[in-house]
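Readers should treat all values here as calculations from the given coordinates under stated rules, not as data from a laboratory. Just so it is clear, the structure is predicted and the values come from calculations on it, not from any experiment. Cβ: placed from backbone, ideal geometry, glycine included. Neighbour counts: every protein chain shown.
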Amino acid sequence: MSEDTSTPVLPEPTDLLDDRERAKLHWRSRRGLLENDLYIENFFALHGASINWRQAQGMTTLMDLADNDLLDLVLARREPEGPLDTEEVREVLGMLRLSGGAARPRA
């Protein structure tokens, strides 16, 4: 009996998410606070098709925050600090801020 010793192929940080992974990220990004949801929905409307693995990691990190902490970051009431202060988080946070909360995104 031979064992499969091949290493799984991991995506590069700049590889785009496939449709399944993008849908999973979008689903996991749903929030309980309407204001956050508006920014997140606009983010996916504008950037959904072009999200790469590095950005997905940044979004996942942001989604681990409590709703009010996330909103403070999105509205620039505060900036990421400590372990949250990564290139990935700052990139996605900038994209979220530019996507606008109440405005409809323009494609």
Radius, Kirkwood style, for the range 1-81 when every pair of distinct Cα atoms is counted (Å): 14.3 Å
Dipole of the chain [Lys/Arg +1, Asp/Glu -1 at C-beta], most positive-end residue of Leu93, Gly58, Gly32: Gly32
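If eta is 0.890 mPa s and T is 25 °C, what Stokes-Einstein diffusion coefficient results for the range 53-107, Kirkwood Rh from Cα pairs, in µm²/s?
Values: Rh = 11.5 Å.
My calculation gives 213 µm²/s for D.
Could you size up the charge dipole of the range 53-107 around its Cα centre, putting +1 on the beta carbon of Lys and Arg and -1 on that of Asp and Glu, and report it in debye to the nearest 20?
The dipole magnitude comes to about 420 debye.
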Point-charge dipole on Cβ atoms (K/R +1, D/E -1) for the chain, about Cα centre, debye to 20: 580 debye
